[in-house]
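Undergrad: Once you've had a glance at the structure underneath, I'll fire off some questions.
The values are calculated or read from the model by the stated rules, or taken from the named source; none is laboratory data. If you're wondering where the values come from, they're calculated on a predicted model, not measured in any experiment. Cβ: placed from backbone, ideal geometry, glycine included. Neighbour counts: every protein chain shown. For accessibility, only protein heavy atoms count, side chains too; no ligands or nucleic acids. Shrake-Rupley method; radii C 1.70, N 1.55, O 1.52, S 1.80 Å.
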Amino acid sequence: MRGAWIVDQGVIDVTSAFLVTRRLHDEQTPFQHLEVYDSPRFGRMLLLDGAVQTTEGDEFAYHEMLAHPALCAHPHPRRVLIIGGGDGGLLEEVLKHPVERVTMVEIDEAVVRASRRYLSTICGGAFDDPRTQLVIGDGLAYVNDTPDRFDVALIDSTDPQGAATGLFSAEFYAQVGARLTADGVVAVQSGSAVYQQELIRSVRRNLRASFPVVRTAVAAVMAYPGVLWSFTIGAKSRDPRDLGPEIAGRLEGFRLRLYTPAGHRAAFDLPPYLLEQVETE
Ligand code: SAM
């Protein structure tokens with residue numbers, strides 16, 4: 001098979017290489033270098049500044065784990081906020097729930113444009129759902145300025161560099177908390193559970209300043225460096241780890257490929273080596 005190797009330019013000192021057969025898109029946007037490749041192993045892959053963001057082959061794992069534990073941790077999520085998530089995969093998962101509106105704030109319209117064109121197996125019709133409100137703008141400014149309130153916020157950003165840096169701060173999480181309703185829940189992609197444990201510690205510490213309950217779950221996201229990825233949740237009331245059989249009712253009819261009620265608790269039960277690394281005072 002003819003092809004070339006691309007190396008994931010993530011923000012850590014360990015990486016992955018992928019055999020790709022075609023570069024479908026290559027664009028320098030006002031915010032980042034945007035590429036879409038085709039690969040035999042993962043199908044189409046979206047890269048931003050050389051870092052793998054999502055692939056057709058494993059996006060289900062990441063988007064299910066970022067969406068469903070948080071949405072099930074809220075008794076009746078009606079208004080959901082997504083920051084980032086330009087590929088539309090998270091939006092597609094959220095719309096499986098009986099929500100009234102999903103406001104998605106993505107800073108780079110080029111990511112949405114390229115995802116709609118090349119990654120329709122990931123975003124499906126999510127961008128055209130009447131419940132979707134797409135805002136092209138900076139999530140930091142949006143959360144700071146919006147008068148709206150949300151039941152669940154999902155932070156699906158690139159890693160903490162460039163425009164995404166502030167999305168991992170205690171100040172931002174405090175602002176998110178102020179925009180959430182009484183039983184509000186926020187979920188954050190908090191990086192590699194293997195190579196970014198300091199980031200996870202920092203996210204947990206920053207969330208703890210505004211949320212009484214903070215829990216981290218992990219799941220295998222095959223194309224990401226180290227595979228094991230972390231998702232950290234801040235909750236105003238209910239402990240997201242302690243959801244039980246009621247999850248099954250909330251997920252009835254969803255075609256999920258990773259997240260299950262039985263797997264929910266296991267995802268939050270971090271192995272000792274990891275818990276000791278990410279626990280903060
Ligand atoms: N799954 C990926 C990960 O874990 O790194 C994230 C995917 S999604 C493509 C990340 C999105 O966050 C990008 O489209 C990027 O443009 C967006 N983003 C970064 N900083 C942002 C900000 N301050 N406000 C809104 N969107 C932002």
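Undergrad: Roughly what would the spin-label model give for Asp148 and Arg23, points 7 Å off Cα along C-beta, in nm?
TA: Result: 3.6 nm between the two label points.
Undergrad: On to the next question. Near the amide H of Ala153, under 5 Å away, which other amide H atoms are found, from residues 5 or more places off or on another chain, if H is placed in the peptide plane?
TA: Residues meeting the amide H criterion: Leu81, Val185, Val186, Ala187.
Undergrad: Under a plain spin-label model, where a point goes 7 Å from the Cα along Cα-to-Cβ, how far apart in nm are Asp239 and Arg205?
TA: Result for the modelled spin labels: 2.4 nm.
Undergrad: With θ set to phi - 60°, apply the Karplus curve 6.51 cos²θ - 1.76 cosθ + 1.60 along the stretch 200-205 and write out the HN-Hα couplings as whole Hz, x wherever there is a Gly or Pro.
TA: These are the phi-based 3J(HN,Hα) values: 4, 4, 5, 4, 5, 5 Hz.
Undergrad: Can you list the HN-Hα couplings for the stretch 232-247, worked out from phi with the Karplus curve (6.51, -1.76, 1.60; θ = phi - 60°), rounded to whole Hz and with x for Gly and Pro?
TA: Taking θ as phi minus 60°, the curve returns 10, 10, x, 10, 7, 9, 6, 6, x, 5, 8, 6, x, x, 5, 4 Hz for the stretch 232-247.
Undergrad: Taking only C-alpha pairs under 8 Å that are 6+ residues apart, what is the relative contact order of the chain in percent?
TA: Working: 600 pairs, mean separation 46.5, N = 281.
After rounding, I find 17 percent.
Undergrad: 7 Å from Cα along Cα→Cβ at both Arg2 and Ala248: what's the point-to-point distance in nm?
TA: Label-label distance for Arg2 and Ala248, simple model: 5.3 nm.
Undergrad: Using Cα-Cα distances under 8 Å and only pairs 6 or more residues apart, what relative contact order does the stretch 4-55 have, in percent?
TA: 29
Undergrad: Got a number for carbon plus sulfur as a percent of the stretch 59-278's accessible area, 1.4 Å probe? Before the final figure, lay out each step's value.
TA: Details: 4190 of 8060 Å².
Roughly 52 percent of what the probe reaches on the stretch 59-278 is carbon or sulfur.
Undergrad: Continuing with this model, one more query. Work out, step by step, the length gained on full extension between His76 and Met222: first 0.36 nm times the residue separation, then minus their alpha carbon distance; give nm to one decimal.
TA: Values: separation 146, 0.36 × 146 = 52.56 nm, distance 3.13 nm.
Separation in residues times 0.36 nm, less the Cα-Cα distance, equals 49.4 nm.
Undergrad: On C-alpha positions alone, give me the angle between the axis of helix 59-73 and the longest principal axis of the chain, in degrees, nearest 10.
TA: It is inclined by approximately 10 degrees.
Undergrad: Okay, next question. Taking a ≥ b ≥ c as the square roots of the eigenvalues of the Cα gyration tensor of the chain, is the shape rounded (a/c under 1.5), prolate (a/b larger than b/c) or oblate?
TA: Details: a/c = 1.42, a/b = 1.28, b/c = 1.11.
Here the chain falls in the rounded category.
Undergrad: Taking the solvent-accessible surface of protein heavy atoms with a 1.4 Å probe, what is the per residue accessible area of the chain in Å²? Please list the in-between numbers first.
TA: On the way: 11430 Å² over 281 residues.
Ligands and nucleic acids excluded, the figure is 41 Å² per residue.
Undergrad: Please work out how much length the chain gains when fully extended from Val14 to Gln133, using 0.36 nm per residue of separation minus the C-alpha to C-alpha distance, in nm with one decimal.
TA: Numbers: separation 119, 0.36 × 119 = 42.84 nm, distance 3.71 nm.
Taking Val14 through Gln133 to full extension adds about 39.1 nm, to one decimal.
Undergrad: Ignoring ligands, DNA and RNA, please state the percent of accessible area on the stretch 4-55 from carbon and sulfur, probe 1.4 Å.
TA: Working: 1240 of 2570 Å².
That share works out to 48 percent.
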